[in-house]
Structures are given as structure tokens and as C-alpha cells.
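The values are calculated or read from the model by the stated rules, or taken from the named source; none is laboratory data. Remember, predicted model here, so these are calculated numbers, not experimental data. As a convention, Cβ positions derive from the backbone with ideal geometry for all residues, glycine included, and neighbour counts pool all protein chains shown. Protein only, heavy atoms only, side chains kept; ligands, DNA and RNA dropped before computing areas. Shrake-Rupley method; radii C 1.70, N 1.55, O 1.52, S 1.80 Å.
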Amino acid sequence: MLKILSRFVVGAALFLSYQVHSQTINLTVEAIYPPQQAEFVYQPLADWLAQKTGFNVEINSADNYYFYWRDAKNQNPDFTLDAPHVAAYRMAEKNYEPILRVAADQRYYLVTNQNLDLTEDIGKQLVGQRVITFPSPNIGSLLYEDWFTDLFLQPQKVVTALSWKDVINQVFSGEAEAAIIPEYLYQLYPNLLVLKESKPFPGQVFLASPSVSPNVKSSVVRALQDINDSDAAYQILTELNAEQLKEVDIKDYQGLQALLED
């Protein structure tokens, strides 16, 4: 009888262990890369989370930024890595909980490699010129609408880029005369002429769905926190364009969902 009970206990433990290690969690990321490239870029993060938590981790990225925003309204993934205004929407409307954020704030810059006069009206100088950025409601696209309000003194808005690298490449190739890009990308090309600069926006943020169990959430949180203290995880931070992750002050994100109202 004791042997049968012992086998039952061992079998149950093995079953539970199998259940934990075979569980799949999904992580939806901001659509700033084509899906296949996103899978490659975020694979180190997925591998790290899988190693630390024992869960299978599935990375999901929409085909483009519009679909990313549409999916944010219609779908409820387990975890997300969101742009600040989309994160604010999920927190306010869907009760998602912020976990950690990319530490650095991000400004956006309107830049060019053309010889423009900063003492003259930028809108006039760019009339008929091409300004490339991501599709709406990416912050770059929303800033374009704020910066160019005169219908008669507007450049041509181009939103065909598939990645931020593609945005900057189109400027250098002459396919666009200017671009609106985030600060981390501008820092790689400091010789570009800055025409306009935005206010700072808080960094991308990891969120957890309210439907995720506390045990799963705490396991993922610990794994993300460990990234800061591991030399082996340096590549993850590099792919996130981050120096470190830090705790979230919700006040930094409150109200940013208003950017999406239009």
C-alpha cells in the first residue's frame, strides 16, 4: 500500500512538473520590426525567460504598427512590451499591470542630412519634401501631425518603412529628405541636423494581463529583474535599446492614452 501511495505521489509530482514546464506564455511586442525580424531580435529575451521560468515563451509581433494598435484593442496577450501610449491604454482600459520599463526616457527628433537653415521656417523649407516615419499611431507619426499643422506648408508624410533602421536608410539613400526618429537611433547618427525635438516620453514598458496567475507573473518579474545583474543577458538589453530595466512609476504613463484618441 505504501509503495502504491509513493508511486502515486511521485507520479503526481512529475505530472505537475510537466504541466509547469510545458505551459506556454505569450509576449506581444511593439511592432517596430517586421515579424520575422522581431522573432530574431527578441529571441534572446524569449530564451532567457524560458530558462528562468521554465515556461515556453512565444513572441508575437503584428505585421505593422496599425495592426499592433488594432490588436491592442481587440486582443489580451499574457504579457506585452509596449510603446508608452499603448501601454497607458492597456493600463487604463484593460487593467494591465506594469512590471518593469526601459529605464531611459525617449525624445523624438525631426532630422535631415540636407543643408537647411535653422533660422528660417522649417515648414516652408520642407514643403514638397518627404518626411519618413512609422505609421500612425506611432509617436513619430503623431508628432508629425503636431509639428506640421499648416496644410499649405507641409512636407509629404511617408510611412512605408518596416523598421527604424529602414527609416534612417531611406534618408541616406535619398528616398526621403527628413525623418522623425527616436533618440536611441539619433544617437547612432549624431551628425544629422536636428530640425525639431519632442518632449521626453517614458520608455517601453512590460505589462502583465490581469488574467495571468500571480505565480506566473512573479516568475516572469523575477526573470526580467535578473537581466540587469547578468553579463549573459547583455544582448537582451542591447536588442531592447536599453542600458537597464527599472521599476515603473505609473504617473509617468497616466494620460498618454489621450494621444490615441484621434
*Using a 1.4 angstrom probe on heavy atoms only, work out the carbon and sulfur share of the accessible area of segment 173-218 in %.*
51 percent
*Report, by chain and number, residues whose modeled amide H sits under 5 Å from the one on R130, excluding near sequence neighbours (fewer than 5 apart, same chain).*
Q156, E177, A178
*As a check on your grasp of the helix formula, calculate [θ] at 222 nm for the chain: sum -39500 (n - 2.57) over DSSP H runs of n ≥ 4, divide by the residue count, round to the nearest 500.*
-11500 deg cm²/dmol
*asked:* Over the chain, with the other protein chains present, what is the accessible area per residue in square angstrom, probe 1.4 angstrom?
replied: 53 Å²
_Antiparallel DSSP beta bridges within segment 35-182, as percent of all bridges there, nearest 5_ = 50 percent
*Provide E39, E261, E97 ordered by accessible surface of protein heavy atoms (probe 1.4 Å), highest first.*
E261, E39, E97
*Using a 10 Å cut-off on Cβ atoms, rank the peptides 177-183, 244-250 from the highest mean neighbour count down.*
177-183, 244-250
*Correct option for log10 I(q)/I(0) by the Debye sum over Cα atoms at q = 0.12, 0.17 Å⁻¹ [calculated from the coordinates] among (1) -0.94, -1.22; (2) -0.70, -1.45; (3) -0.75, -1.31*: (3)
_How much length would be gained if the chain were fully extended between D150 and A103, taking 0.36 nm per residue of separation minus their Cα-Cα distance, in nm to one decimal?_
13.4 nm
*Average silhouette area of segment 62-204, convex hull of alpha-carbon atoms, in square nanometres*: 9.2 nm²
*Net charge near Q156: determine it from the other residues with C-beta under 15 Å of the C-beta of Q156, scoring Lys and Arg +1 and Asp and Glu -1.*
-1
*If ligands, DNA and RNA are left out, what is the accessible area of D47 with a 1.4 Å probe, given in Å² to the nearest 10?*
80 Å²
*asked:* Once you keep just the Cα pairs under 8 angstrom separated by 6 or more residues, what percentage relative contact order results for the chain?
replied: 28 percent
*Dipole magnitude of segment 169-227, debye to nearest 20 (Cβ charges: Lys/Arg +1, Asp/Glu -1, about Cα centre)*: 340 debye
*Give me the percent of DSSP beta bridges within the chain that run antiparallel, rounded to the nearest 5.*
60 percent
*Compute the relative contact order of segment 146-262 as a whole-number percentage, counting only Cα pairs closer than 8 Å that sit 6 or more residues apart in sequence.*
14 percent
*Using per-residue counts of other Cβ atoms within 10 Å, averaged over each peptide, order 198-210, 160-172 from highest down.*
198-210, 160-172
